[in-house]
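Here is the structure we will look at.
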Amino acid sequence: MSTQKTNPTAGIILIGNELLSGQTVDLNLNYIAKKLFTHGVDLCETSVIPDLENEIIRVVRDYSKRFTHVFTTGGIGPTHDDITAETISKAFGRKLVRNEQAYQILVEKYGEENLTDSRGRMTMMPEGVELILNDSTGAPGFRVENVFVMAGVPTIMHAMFENALTVIPKGEKRQKVIVSCKVYESRLAPGLHSIQDSYPQIEIGSYPHWIEGKSWGVRVAITGRDLIAFDETKKKVLDLCQSFDEKSHCLEE
């Protein structure tokens, strides 16, 4: 049984008008969520917000108070609508300055003669931050207090996040298993409700899936830290599913 009373928490803020308009499909949330799960950090909440100064300040301050770690994506590029760095400066009452370490990184990457004003914008950060190195394109993100500020482009964000993760202490990882069965979800519902009532410390989620002409069924996800309760829940859910479909089986994650 778990002896840890608290676990590190996280919130993710996806910043960008392009996300809210449907112009861009987000590929960052799922990536970060999976990595945090493996790292033992509980992702509690996420928000998608526009490139508006007041909204960014409000949400960043709120998340920073409520969660152990906060991750933002988007708005630190070289164009006029990349306002995240300046806005984060205001959120924490810090000056926006040229980060000399970031500047030198870009000089080494592109050469000083190619460091245009637009590229130079990516070295402007709140005073006193820690850099989040970017092995993809060079331009770093940054960390201010408990907020990790990263790019929105997935390949760049992934590179930054991998480096950010190295300074985040691991929490107690939750166990997870998925029971796959070919049965209508409504038939499982009463039994799942009863099992959940018996094990409130374990999360049970039911997710139907349908691929036209190929497959259908339900995947029941079981997640938790209490190992005894987890194993008992897993057995009861599998027994329930097999009572309708004897081929029901576990997919370990």
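The values are calculated or read from the model by the stated rules, or taken from the named source; none is laboratory data. Keep in mind it's a predicted model, so treat the numbers as computed, not measured. Heads up, the Cβs are rebuilt from the backbone with ideal geometry, glycines too, and the neighbour counts pull from every protein chain shown.
Within segment 10-22, identify whether any single residue is surrounded by fewer than 16 Cβ atoms within 10 Å (Cβ to Cβ) and within 30 Å of residue 174 (Cα to Cα), and answer yes or no. Within segment 10-22 (the criterion being surrounded by fewer than 16 Cβ atoms within 10 Å (Cβ to Cβ) and within 30 Å of residue 174 (Cα to Cα)), the answer is no, since none of the residues qualifies.
Condition first: outside any helix (DSSP H, G or I) and touching a residue at least 40 places away in the same chain (Cβ under 8 Å). Now tell me which residues in segment 95-132 satisfy that. Hits for segment 95-132 are 99, 125, 126.
Only one entry of 75, 40 meets the criterion of being at pLDDT below 95, out of contact with any His (no Cβ under 9 Å at 6 or more places or on another chain) and surrounded by 14 or more Cβ atoms within 10 Å (Cβ to Cβ), and that entry is 75.
Consider residue 190 carefully, then state whether it is at pLDDT 95 or above, more than 22 Å from residue 97 (Cα to Cα) and assigned by TED's automatic domain parsing to the domain that holds residue 42. The answer is no for residue 190. Sort through 148, 161 and tell me the only one that's in the same structural domain as residue 71 (by TED's automatic domain parsing), buried (at least 21 other Cβ atoms within 10 Å of the Cβ) and either assigned to a strand (DSSP E or B) or on the phi > 0 side of the Ramachandran plot (or both). Answer to the selection: 148. Of the residues making up segment 209-223, none is under 20 Å from residue 37 (Cα atoms), within 28 Å of the chain's Cα centre (by Cα), among the polar types (S, T, N, Q) and surrounded by fewer than 16 Cβ atoms within 10 Å (Cβ to Cβ). Residue 91 meets the stated requirement of being among the aliphatic types (A, V, I, L, M) and under 14 Å from residue 145 (Cβ atoms).
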